1. Go through the range 30-72 and name the chymotrypsin sites (Phe, Trp or Tyr not before Pro) that are in a DSSP coil and have 14 or fewer other Cβ atoms within 10 Å of their Cβ.
2. Hey, can you find the accessible area per residue of the chain for me, probe 1.4 Å, expressed in square angstrom?
3. Send over the Kirkwood Rh of the chain, from the inverse of the averaged 1/r over different Cα pairs, rounded to one decimal Å.
4. Can you tell which of 59, 44, 18 lies farthest toward the positive end of the dipole of the chain, using +1 and -1 charges on the Cβ of basic and acidic side chains (Lys, Arg; Asp, Glu)?
5. Loop only by DSSP, 13 or fewer other Cβ within 10 Å of the Cβ. Give me the trypsin sites (Lys or Arg not before Pro) in the range 5-70 that pass, ordered by residue number.
6. May I ask you to list the GluC sites (Glu not before Pro) in the range 1-33 that are in a DSSP loop and have at most 13 other Cβ atoms within 10 Å of their Cβ?
7. Can you sort 70, 17 by 1.4 Å-probe accessible area, starting with the largest?
8. Charges at C-beta only: +1 for Lys and Arg, -1 for Asp and Glu. How large is the resulting dipole of the chain about its Cα centre, in Debye rounded to 20?
Amino acid sequence: MRTIRGEAALTLEAVASAGLVEYIPFPDALRGKYQCFTQADLTALRATGCDHKFADVQTGVAKYVQWLASQA
């Protein structure tokens, strides 16, 4: 939304220090059961002819927010 308003994006550190996000400790019960990072092997998908370019999270969220704003 900041970009839509012509404002610079905030860094993660600035967002956290402003209290816009809050970090909580990872629950012990979930340790070892949750992947913090995943990256799909797209070899089989590409072999079918799919050449779709996937977006990273930052780009995808920005596009989604722009789309939401256009719906108002």
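The values are calculated or read from the model by the stated rules, or taken from the named source; none is laboratory data. Small disclaimer: the values here were computed from a predicted structure and weren't measured. Neighbour counts run over all protein chains shown; Cβ positions are idealised from the backbone, glycine included. Note: accessible area is taken over every heavy atom of the protein model, side chains too, but ligands, DNA and RNA are not part of it. Shrake-Rupley method; radii C 1.70, N 1.55, O 1.52, S 1.80 Å.
1. 34, 37, 54
2. Per-residue value: 95 Å².
3. Roughly 16.2 Å, rounded to one decimal.
4. Most positive-ward Cα: 44.
5. The qualifying sites are 5, 31, 33, 53.
6. 7, 22
7. Accessible-area ranking of 70, 17, largest first: 17, 70.
8. With only Lys, Arg, Asp and Glu charged at Cβ, the dipole is about 160 debye.
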